[in-house]
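Everything below concerns the one structure shown next.
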Amino acid sequence: MRILSIETSCDETGVALVDGVKTPGGFGFSVVANALLSQVELHREYGGVYPSLAKREHIKNLPVLLEQVLAAAGAEGAPEKIDAIAVTYGPGLEPALWTGVVFAEELAKKWQKPLFGVNHMEGHLMAALARENSSTESAIEDLQFPLLGLLVSGGHTEFVISPELFSYRIIGETLDDAVGEAFDKVARMLGLPYPGGPEISRLAAEARGRGNASRLPLPRPMLRSNSCDVSFSGLKTAALYALRDIGGAEKLTPKEKAAFAREFEDAVTEVFLMKTRRAMEETGAQTFALGGGVAANAHLRSALSEMVREEFPGTDVRAPKPSAAGDNAIMIAQTALIHLLSSDWTLEGKHPAEPLKAEGNLGLE
Ligand code: KG4
Ligand code: ZN
């Protein structure tokens, strides 16, 4: 089965053409063509994503990326070879999402294909579960349930328990800022460019390599320690005050700045270690999957994987390859393919004219 997928929930425009098959252990995927265009350079001067700019860029980029994907696919991109279209319907930035949905609706009408709305967070979870066999081949196989997902991105931070495929319940989430947002804001306080996550983790790795600890300690907000909820606004404010008290980030030497980035990354990691341990104990999960843009953070990935492997032996630990952690259209195609190949959704049951209703899935919004 072949899906053309579209992702425009935030500041990446993505279009992909992906094949999926059922395998003895689950599902296999093959990327026929993929195009991803990041708008980060444009949003950088605003220090974050500027919704109306994101919308304008998506409108401009979508036809170009579609053409690229179809050209790269050649004869394999002919409409008669495509079974359906999938588009991210949420959660995300409303004006940005809207451009993808409208574009997908028009394409579905023109090609007379069924259209499916995909939940962005389920997409991140599927990307986390997929194992790469090569640069174009991947598989989601041998899933052990219950499955615990920790989805960490610029807009969301949530622990999701899945007792079986397509059944999800959020058992913990952020009560204020998403963790990616906290990375971005603290990076901004340090005068680092947007998006701040990769910048902080680069500096933190330098400080760790040198063995430099920060002279400005930050708290580990273990909010309501009998729940799996997290909170990052206190940590963000503590960072703000700590920097203000020394007269601003410019008073830090480059090494001290790196040590501060490390302190922040360590604080975030410790919070997730504690909450993940708790979620694993509470749920008896057989699989732990870390997904979302912040899953690209090497320190968080290795700390969480190590802890789960050591303290919960036998758990299947999964995370996306770093290049698949952020927003992309491949994960949207993979999610639609799994629903369709499992007959949870049917090609016949849908019509382009009423595309985005039935999949109000899974409480992940
Ligand atoms: O999932 P994503 O691409 O978009 C949303 O759905 O939000 O996540 C983007 C977020 C940004 O906040 C970015 O700073 C963060 O992921 N991020 C990182 C790293 N790479 C991206 N955060 C920490 N460490 C990283 N290496
Ligand atoms: Zn995302």
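The values are calculated or read from the model by the stated rules, or taken from the named source; none is laboratory data. It should be emphasised that the depicted structure is a prediction, and the values quoted were computed from it without experimental measurement. Cβ sites come from the backbone with ideal geometry, for glycine too, and all protein chains shown count toward neighbours. Remember, those area values only see protein heavy atoms, side chains included, never the ligands or the DNA or RNA. Shrake-Rupley method; radii C 1.70, N 1.55, O 1.52, S 1.80 Å.
Listing for the model above:
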| item | result |
| --- | --- |
| Filter pass, Lys60 being basic (Lys, Arg), open to solvent by 70 Å² or more (accessible area, probe 1.4 Å) and in contact (Cβ under 8 Å) with a residue 12 or more places away in the chain | no |
| Verdict on Glu67 being open to solvent by 20 Å² or more (accessible area, probe 1.4 Å), among the charged types (D, E, K, R) and more than 20 Å from Gly154 (Cβ to Cβ) | yes |
| Those residues of segment 244-284 which are open to solvent by 60 Å² or more (accessible area, probe 1.4 Å) and over 30 Å from the mean Cα position of the chain (by Cα), in sequence order | Arg244, Asp245, Glu250, Lys251, Thr253, Pro254, Lys255 |
| Positions within segment 80-132 being touching a strand residue (DSSP E or B) at 6+ places or on another chain (Cβ under 8 Å), within 14 Å of ligand 2 (Cβ to nearest atom), in a helix (DSSP H, G or I) and under 20 Å from Asn61 (Cα atoms), in sequence order | Leu97, Gly100, His120 |
| Single residue of segment 183-194 satisfying the filter (assigned to a helix (DSSP H, G or I) and more than 24 Å from Met126 (Cα to Cα)) that is most open to solvent (accessible area, probe 1.4 Å) | Arg188 |
| Filtered residue count, segment 38-53, keeping only those that are in contact with a strand residue (DSSP E or B) (Cβ under 6 Å, 6 or more places away or on another chain) and open to solvent by 70 Å² or more (accessible area, probe 1.4 Å) | 0 |
| Residues of segment 199-239 satisfying the condition of being charged (D, E, K, R) and not in a helix (DSSP H, G or I) | Arg215, Arg220, Arg224, Asp229 |
| Members of segment 144-163 that are more than 17 Å from Met274 (Cα to Cα) and touching a Cys at 6+ places or on another chain (Cβ under 8 Å) | Gly154, Gly155 |
| Extreme residue, nearest to ligand 1 (Cβ to nearest atom), among residues of segment 182-215 that are among the acidic types (Asp, Glu) and touching a Phe, Trp or Tyr at 6+ places or on another chain (Cβ under 9 Å) | Asp184 |
| In segment 195-209, residue nearest to ligand 2 (Cβ to nearest atom) [restricted to those that are touching a Lys or Arg at 6+ places or on another chain (Cβ under 9 Å) and either open to solvent by 30 Å² or more (accessible area, probe 1.4 Å) or on the phi > 0 side of the Ramachandran plot (or both)] | Pro195 |
